[in-house]
Amino acid sequence: MGRKPPEPVQVIKKRRDSALAALVHRVPYVEFLGVEFDRRGDELTAIMPFARKLIGNPILPALHGGATAGFLEITAIIGLSWSMLWEDIESGRFDTEHLSAGKMPRLPKTIDFTVDYLRTGLPRDAYARARINRSGRRYASVHVEAWQDNVSRPYAQATGHFLMPPRDG
């Protein structure tokens with residue numbers, strides 16, 4: 001009747017980091033934009049490091065609206081997928097065997113995605129976080145905000161609705 005001892009924190013962190021890396025690498029646009037994710041527990045912050053190729057208007061200069069929209073949508077999809085996987089990662093049901101066997105769950109599909117450009121995206125690093133408003137078996141609603149220097153001054157925000165992939169077993 002003895003309880004199973006808790007896993008060492010290094011094992012848990014490695015499982016979380018491996019799962020996040022596998023999830024992120026499934027979205028090809030992530031690499032093009034150079035988006036990275038900073039994980040603190042279950043919270044993800046997306047980071048889009050500044051690169052010249054992201055400039056849309058060189059006269060201002062300002063970030064391209066498409067790069068901003070892509071950044072927000074990537075953040076929403078990865079945030080939503082991360083929340084779906086979290087319970088399995090923490091319980092140990094999702095491990096490195098899943099990654100090596102290619103058993104990653106399918107990603108949510110975008111139904112619609114509305115972006116509000118609140119101010120000019122400056123030529124510097126951008127950050128974003130997704131907040132899941134509703135996530136059910138078939139549908140999810142996500143809000144994303146992106147900022148640069150001050151989290152309380154977003155330069156863009158978006159709301160997206162997603163078709164959720166079927167959950168296995």
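Read the figures in this text as sums done on the coordinates, not as results from a lab. Model, not experiment: these values are computed from the prediction. We place every Cβ from the backbone using ideal geometry, glycine too, and count neighbours over all the protein chains shown.
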Sorted by chain and then number, the residues having a modelled amide H within less than 5 Å of the amide H of G56, at least 5 places away or on another chain, are A62, L63, H64
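Relative to 2.2 N^0.38 Å, what does the C-alpha radius of gyration of the stretch 9-163 come to as a ratio? Two decimals please. Don't skip to the end; give the middle numbers.
Details: Rg = 15.9 Å, N = 155, 2.2 N^0.38 = 15.0 Å.
That ratio works out to 1.06.
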Quick one: which residues, 5 or more positions from F50 or on another chain, have an amide H under 5 Å from its amide H? H modelled 1.01 Å from N in the peptide plane, none for Pro or chain starts. D125, A126
What number, in percent, do you get for the relative contact order of the stretch 9-163 if the mean sequence gap of Cα pairs under 8 Å and at least 6 apart is divided by its residue count? 25 percent
Could you please rank T159, T114, placing first whichever residue has the fewest other Cβ atoms within 10 Å of its Cβ? T114, T159
Using the Karplus curve 6.51 cos²θ - 1.76 cosθ + 1.60 with θ = phi - 60°, work out ³J(HN,Hα) for each residue of the stretch 73-86 in order, rounded to whole Hz, and write x for Gly and Pro. 5, 4, 4, 5, 5, 5, x, 5, 5, 4, 5, 5, 7, 3
Calc'd 3J(HN,Hα), the stretch 119-125, phi into Karplus 6.51 cos²θ - 1.76 cosθ + 1.60 (θ = phi - 60°), Hz, glycine/Pro = x, comes to 7, 5, x, 7, x, 7, 4
Where does the stretch 1-54 land on Rg(C-alpha)/(2.2 N^0.38 Å)? 1.58
Computed helical MRE - 222 nm, the chain, DSSP H runs ≥ 4 contributing -39500 (n - 2.57), nearest 500: -10000 deg cm²/dmol
Karplus couplings for the stretch 106-115 from phi (6.51 cos²θ - 1.76 cosθ + 1.60, θ = phi - 60°), rounded to Hz, Gly and Pro as x? 5, 7, x, 9, 6, 8, 8, 8, 10, 10
List the aspartates and glutamates whose Cα sits under 12 Å from the Cα of K109, skipping any in the same chain fewer than 8 residues away. E73
